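Written out below as structure tokens is the structure these notes cover.
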């Protein structure tokens with residue numbers, strides 16, 4: 001068996017496969033389907049300083065080779081996570097990473113500071129790229145000055161591994177990634193969903209309540225792969241790749257493009273055990289090609 005361990009800043013993962021926020025709940029919901037301890041890392045659903053109800057229904061639409069969502073960061077708030085959810089995660093022997101979102105810089109920093117105090121949580125993924133909220137979210141991730149402000153502010157209060165999740169809905173993804181790196185990010189993850197829309201032709205109206213939403217699934221993979229390759233060449237910090245990964249071959253392509261780890265999102269809805277299958281598939285690929293470590297294939301393209 002090849003060595004599958006990989007590093008994201010100061011974080012060591014047992015294998016390079018993580019779950020994408022918002023597609024795996026808090027991990028506990030999938031415990032009947034997959035051994036959570038075999039996953040490299042579990043990134044829990046977006047967590048905000050205060051409780052959020054999310055967007056009105058309907059907020060999901062199936063599209064060819066993908067789906068559009070506009071959930072809107074529905075969650076019970078960071079205090080609920082700390083008091084009720086995190087105690088159930090403490091016995092897992094995998095890394096649990098909290099996806100932190102907000103509608104203001106103060107919200108981001110306050111939420112991150114609370115999570116910084118949790119002994120079992122060694123990293124956060126700073127969500128400056130959600131397209132489904134009216135304030136905050138993607139608006140923080142589309143300009144260099146805003147990226148620098150929010151990442152820099154969180155860096156001051158969060159002392160562990162800081163991963164910054166980037167939006168693809170920008171002109172120059174490399175410029176945004178370099179801004180995050182310069183402001184203190186230990187890693188960047190990309191891509192979050194692409195802006196999309198679905199229309200019901202018979203009813204002659206948009207399918208989801210917010211009209212537009214985030215497109216994910218196999219259809220976004222070529223865009224995600226290109227952006228990961230661009231960013232990996234532009235920054236010195238580790239890159240986490242996601243977007244349309246449906247199997248081990250997809251994940252390997254992201255590693256070859258320069259990702260040090262990957263996240264699996266929409267595929268979890270199709271096969272709740274896909275993460276472990278992908279990790280095993282990466283191992284089989286390494287063995288078949290004579291590589292002793294997953295690090296031997298990172299960024300060879």
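The values are calculated or read from the model by the stated rules, or taken from the named source; none is laboratory data. All values reported here derive from a predicted model rather than from experimental measurement. A quick note on method: Cβ atoms are made from the backbone with ideal geometry, for glycine too, and the neighbour counts reach across all protein chains shown.
Miscellaneous remarks
- Counting only strands (runs of 3 or more DSSP E) that sit wholly inside the range 14-64, those with at least 3 residues that are surrounded by 20 or more Cβ atoms within 10 Å (Cβ to Cβ) are 17-19, 41-47.
- Among the residues listed as 224, 174, 185, 234, the single one being closer than 23 Å to residue 105 by Cβ, touching a helix residue (DSSP H, G or I) at 6+ places or on another chain (Cβ under 8 Å) and modelled with pLDDT of 95 or more: 185
- Top-ranked residue in the range 1-13 [being surrounded by 17 or more Cβ atoms within 10 Å (Cβ to Cβ) and not in a strand (DSSP E or B); ranked as modelled with the lowest pLDDT]: 9
- The conditions of being out of contact with any helix residue (DSSP H, G or I) (no Cβ under 9 Å at 6 or more places or on another chain) and outside any loop (DSSP other than H, G, I, E, B) are met by residue 213.
- For the range 71-86, the count of residues that are more than 20 Å from the chain's Cα centre (by Cα), surrounded by fewer than 19 Cβ atoms within 10 Å (Cβ to Cβ) and either in a loop (DSSP other than H, G, I, E, B) or at positive phi (or both) is zero.
- Hey, residue 134 modelled with pLDDT under 95, more than 22 Å from residue 16 (Cα to Cα) and outside any helix (DSSP H, G or I) or not: yes
- Residue ID - surrounded by the most Cβ atoms within 10 Å (Cβ to Cβ), chosen from residues in the range 166-186 that are touching a strand residue (DSSP E or B) at 6+ places or on another chain (Cβ under 8 Å) and over 18 Å from residue 222 (Cα atoms): 180
- Candidates 258, 241: the one that is within 27 Å of residue 72 (Cβ to Cβ), in contact with a strand residue (DSSP E or B) (Cβ under 8 Å, 6 or more places away or on another chain) and modelled with pLDDT of 95 or more is 241.
So that you can scan it fast, the table gives a plain yes or no per residue for (1) over 21 Å from residue 241 (Cα atoms); (2) touching a helix residue (DSSP H, G or I) at 6+ places or on another chain (Cβ under 9 Å):
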residue: 1; (1), (2): yes, yes
residue: 4; (1), (2): no, yes
residue: 11; (1), (2): no, no
residue: 18; (1), (2): no, yes
residue: 23; (1), (2): no, yes
residue: 26; (1), (2): no, yes
residue: 30; (1), (2): yes, yes
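- Failed criterion for residue 92 (all others in (1) in contact with a helix residue (DSSP H, G or I) (Cβ under 9 Å, 6 or more places away or on another chain); (2) assigned to a helix (DSSP H, G or I); (3) modelled with pLDDT of 95 or more hold): (2)
- Filter pass, residue 45 being in contact with a helix residue (DSSP H, G or I) (Cβ under 9 Å, 6 or more places away or on another chain), farther than 24 Å from residue 258 by Cβ and without any contact (Cβ under 8 Å) to a residue 60 or more places away in the chain: no
- Tally of residues being assigned to a helix (DSSP H, G or I), more than 19 Å from the chain's Cα centre (by Cα) and either without any contact (Cβ under 8 Å) to a residue 60 or more places away in the chain or surrounded by 20 or more Cβ atoms within 10 Å (Cβ to Cβ) (or both) across the range 278-301: 10
- Residues in the range 139-165 that are surrounded by fewer than 20 Cβ atoms within 10 Å (Cβ to Cβ), in contact with a strand residue (DSSP E or B) (Cβ under 8 Å, 6 or more places away or on another chain) and assigned to a helix (DSSP H, G or I): 155 alone.
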